[in-house]
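In what follows, a structure is listed as structure tokens, so that the remarks can point back to it.
The values are calculated or read from the model by the stated rules, or taken from the named source; none is laboratory data. It should be emphasised that the depicted structure is a prediction, and the values quoted were computed from it without experimental measurement. All Cβ positions, glycine included, derive from the backbone under ideal geometry; neighbour counts span all protein chains shown. SASA here: full protein model, heavy atoms, side chains in, ligands and nucleic acids out. Shrake-Rupley method; radii C 1.70, N 1.55, O 1.52, S 1.80 Å.
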Amino acid sequence: MGPGPSDVNPRILEALSRPTIGHLDPAFTDMMEETKALLQYAFQTSNRLTMPVSAPGSAGMETCFANLVEAGDKVIVCQNGVFGGRMKENVTRCGGTAVMVETEWGRAINLNATEDALKANPDANILAFVHAETSTGAQSDAKALCELARKYDCLTIVDAVTSLGGTPVLVDEWGIDAIYSGSQKCLSCTPGLSPVSFSDKATDKISNRKTPVQSWFLDLNLVMAYWNSEGPRSYHHTAPVNSLYALHEALLILKEEGLENSWARHQKNHEMLKAGLESMGIEFIVPEAERLPQLNAVAIPDGVNDAEVRSRLLHKFNLEIGAGLGPLAGKIWRIGLMGYASNTDNIKLCLNALGTVLNESGYNVDIEAALKAAG
Ligand SMILES: *Cc1c(COP(=O)(O)O)cnc(C)c1O
């Protein structure tokens with residue numbers, strides 16, 4: 001129950017262990033086509049350029065920036081946690097200029113400040129932001145941010161690593177131009193793959209670049225020679241065959257449950273956990289309307305030793321919860337309820353384990369009452 005990787009559904013582990021076949025075997029390329037269609041469903045898009053990058057979420061991030069940002073581009077980067085800072089690094093390393101819009105950690109991105117930056121920088125051509133900030137548990141209004149970007153003629157790059165599958169991500173309806181996610185959060189797949197999707201406008205910018213993409217491996221113009229079914233499919237790199245079996249299975253599971261049902265399950269389980277934690281006197285750091293149901297960031301009660309509690313949870317109860325990052329280190333815990341791990345058994349395990357460990361460390365809680373509050 002940390003911030004990812006989440007528990008992997010046994011069906012996915014079984015898929016992972018199937019015999020490895022050639023990455024150009026027709027049975028495999030058929031599965032690649034199905035995977036692209038399943039990803040279009042997960043992202044709610046008809047973008048043709050939708051596929052998994054053969055590396056973790058960070059590589060999906062880098063794919064978006066390396067392909068869309070050229071020397072001289074100005075990018076407005078919204079930051080309200082750790083991952084927005086990595087976007088800035090990406091822009092700079094691609095030779096672009098990053099204009100930062102800072103929002104207090106633990107809050108959704110400030111829309112007024114973002115509009116001010118867009119107004120003040122008419123030469124900016126991209127707006128980049130993190131939809132679900134895993135470092136703080138805050139969710140930003142991606143729809144409103146994309147509207148702002150369009151109003152000021154900017155393309156959007158959106159980090160949906162933690163949101164995809166857990167809360168609505170509507171790529172076409174919101175008009176997102178470039179988006180990346182990760183296999184190991186709410187998709188509950190093994191780590192190591194990054195689904196991405198690009199609008200026609202983004203694809204046009206990529207095909208009309210003045211300079212080649214600096215990264216050979218992440219250059220979508222080359223990667224698509226393998227992933228595009230329309231041309232003669234040719235070798236680019238050896239696809240991670242078994243990992244892709246796993247992702248295919250994870251996406252089938254999501255489709256079987258249905259996106260709306262998955263979002264509703266994440267919300268319902270968040271509310272159960274919240275009721276239990278609040279009954280113990282543990283408080284959330286993100287205002288309710290900006291909260292991610294799949295990543296519960298709570299303040300560590302005064303006088304409680306962060307590292308000791310997490311270590312006891314792990315060693316006595318086999319339960320992992322996440323620590324705070326950056327300025328929130330030592331101040332918060334991040335309790336994940338992602339994908340397959342978002343279930344009532346885990347909520348009860350967490351309330352019982354955390355309650356027991358807190359009682360041992362002198363912070364007294366009523367475990368029975370917490371379990372009852374959770375329902
Ligand atoms: C986890 C995460 C990433 C990075 O994904 P990796 O698979 O660890 O490379 C990027 N952005 C956000 C918001 C994340 O939560």
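Couple of notes before you dig in:
- For Ala264, the test of being of a type in the set (A, V, I, L, M), without any contact (Cβ under 8 Å) to a residue 40 or more places away in the chain and outside the structural domain of Val53 (by TED's automatic domain parsing) is passed.
- The range 226-256, residues that are modelled with pLDDT of 95 or more and of a type in the set (A, V, I, L, M, F, W, C): Ala239, Val241, Leu244, Ala246, Leu247, Ala250, Leu251, Leu252, Ile253, Leu254
Quick grid of which residues meet (1) in contact with a helix residue (DSSP H, G or I) (Cβ under 8 Å, 6 or more places away or on another chain); (2) of a type in the set (D, E, K, R):
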position	(1), (2)
Asn67	yes, no
Gln79	yes, no
Val82	yes, no
Cys94	yes, no
Thr97	yes, no
Trp105	yes, no
Ile109	yes, no
Asp116	no, yes
Asn125	no, no
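- Whichever residue in the range 61-89 is open to solvent by 30 Å² or more (accessible area, probe 1.4 Å) and part of a helix (DSSP H, G or I) and, among such residues, is nearest to the ligand (Cβ to nearest atom): Phe83
- So Ala264, is it in a helix (DSSP H, G or I), modelled with pLDDT of 95 or more and out of contact with any helix residue (DSSP H, G or I) (no Cβ under 9 Å at 6 or more places or on another chain): yes
- Enumeration of residues in the range 195-223 that are among the hydrophobic types (A, V, I, L, M, F, W, C), over 23 Å from the mean Cα position of the chain (by Cα), more than 14 Å from Leu155 (Cβ to Cβ) and outside any loop (DSSP other than H, G, I, E, B): Leu222
- Subset of the range 174-187 that is assigned to a loop (DSSP other than H, G, I, E, B) and over 13 Å from Ser6 (Cα atoms) - its residue that is nearest to the ligand (Cβ to nearest atom): Ser181
- Neighbours by Cβ (under 6 Å, 6+ apart or cross-chain): first from the range 321-333, among the basic types (Lys, Arg); second open to solvent by less than 30 Å² (accessible area, probe 1.4 Å): Lys331/Gly324
- Flag if Val99 is at negative phi and buried (at least 23 other Cβ atoms within 10 Å of the Cβ): no
- Some residue of the range 227-235 being on the phi > 0 side of the Ramachandran plot, part of a loop (DSSP other than H, G, I, E, B) and not assigned by TED's automatic domain parsing to the domain that holds Arg334: no
- If you go through the range 178-205 and pick out every residue that is open to solvent by 10 Å² or more (accessible area, probe 1.4 Å) and either free of Cβ contacts under 8 Å to residues at least 40 places away in the same chain or on the phi > 0 side of the Ramachandran plot (or both), you end up with 2.
- Check on Ile157, within 28 Å of Lys268 (Cα to Cα) and either among the hydrophobic types (A, V, I, L, M, F, W, C) or assigned to a helix (DSSP H, G or I) (or both): no
- Verdict on Ile206 being within 16 Å of the ligand (Cβ to nearest atom), aliphatic (A, V, I, L, M) and under 14 Å from Thr63 (Cβ atoms): no
- Checking each residue in the range 283-336 for being buried (at least 19 other Cβ atoms within 10 Å of the Cβ) and either hydroxyl-bearing (Ser, Thr, Tyr) or touching a Pro at 6+ places or on another chain (Cβ under 7 Å) (or both) picks out Leu295, Gly322, Arg334, Gly336.
- Condition met for Ser58 (closer than 29 Å to Ser243 by Cα, among the hydroxyl-bearing types (Ser, Thr, Tyr), at pLDDT 95 or above and in a helix (DSSP H, G or I)): yes
- Top-ranked residue of the range 115-173 - restricted to ones that are more than 16 Å from the ligand (Cβ to nearest atom) and among the polar types (S, T, N, Q), ranked as surrounded by the fewest Cβ atoms within 10 Å (Cβ to Cβ): Asn121
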